[in-house]
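Rule-based calculations on the coordinates, nothing more; no lab input. All values derive from a computational prediction rather than experimental measurement. Glycine gets a Cβ as well: all are built from the backbone with ideal geometry, and neighbour counts include every protein chain shown.
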């Protein structure tokens, strides 16, 4: 149900991953240079002022850094020199990124809907990059690049995006993500405390570890041993990959460990309310991802997890026990 990437596709994905990683690390310093600094004269004295636009309100805000002195002159110089270096380094990377985008389209790697990639890019280029992972079906675009294989296009999702946010209080999740997306030029509005909508209509659901823990508790009522397997999945460290949008532009993404993703998706199918059509499509997609992970990930599914999650065993075959990984 998947096709392995060609050698040319794999080489381009790896080159693009390296360029995107470098650019993302650079972009995360961008906030240091948003807005500007200037000297303002007040009653005959010069003061250094830092100004920037608030991402949520859109209001211009300024802060006085103090009267002109050796210290404030040094602050100003660091800012001007740092911004010039930032602009120089980003300018160096842009031609390579443009060429890789052109090649990605030519090699038919441009698969991620732009509205999904725009959200991933805004997060991956921000200081929330280490705190936000894609846990819903939109993650499959990252797994394609990570596992060097392409799923059937008719299976690929485009309607929503589920994000796991760690390291912040639940009440601050929506506000923090909204600010990051707006700074990344993604127009978004809050539907409620756990859901956002982009201008293009993309639904973004926000989850915290505590919310997934509660889902695991519910899952224990439907699958003996399922809660333990789900919590194992939640304990796995995230991995880094990329996705490539319809224009060939890459975006950095943080993803669940692939086996953990498959297990948590089966949990979601059991505990979430959804239409029969939606459930069938999601089951088909996750079954395809299970087979992809089984064939190409470096670690096999654990035997006890297969035994406690019935759909996982069904996706792997009648015996339910995978052979050694081939990748």
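Between residue 46 and residue 199, residue separation times 0.36 nm minus the direct Cα-Cα distance comes to 50.7 nm. Extension gain for residue 159 to residue 62 (0.36 nm times residue separation, less C-alpha to C-alpha distance): 31.0 nm. Here the range 1-38 and the range 221-298 have alpha carbon centers that stand 23 Å from each other. Mean sequence separation of contacting Cα pairs (under 8 Å, at least six apart), scaled by the length of the chain, corresponds to a relative contact order of 19 percent. A full extension of the chain between residue 214 and residue 277 corresponds to an added length of 20.1 nm, given 0.36 nm per residue minus the alpha carbon distance.
Counting every Cα pair in the range 89-212, what percent are over 23 Å apart?
35 percent
Sorted largest first, the spans of the alpha carbon positions of the chain along the three principal axes are 83, 44, 32 Å. As a length-normalised measure over Cα pairs under 8 Å and 6 or more apart, the relative contact order of the range 39-193 settles at 19 percent.
Of the residues 275, 160, 220, the one that moves most in a GNM of the chain with alpha-carbon contacts below 10 Å is 275.
Highest mobility in the GNM of the chain, judged by mean-square fluctuation with C-alpha springs under 10 Å and restricted to 62, 110, 126, is found for 62. Note on the range 155-198 and the range 66-145: Cα centroid distance 18 Å, given to the nearest whole angstrom.
For the range 92-230, DSSP calls about 65 percent of its internal beta bridges antiparallel. Computed on the range 149-278, with alpha-carbon pairs under 8 angstrom and 6+ residues apart, the relative contact order is 18 percent.
Comparing mean-square fluctuations of 105, 77, 185 from a GNM of the chain with C-alpha springs under 10 Å, the top value falls on 77. Every helix of 4 or more DSSP H residues in the chain counts as -39500 (n - 2.57), and over all residues that averages to -16000 deg cm²/dmol at 222 nm. Here the label points at residue 228 and residue 108, each 7 Å from Cα along the C-beta direction, are separated by 4.5 nm in the simple model.
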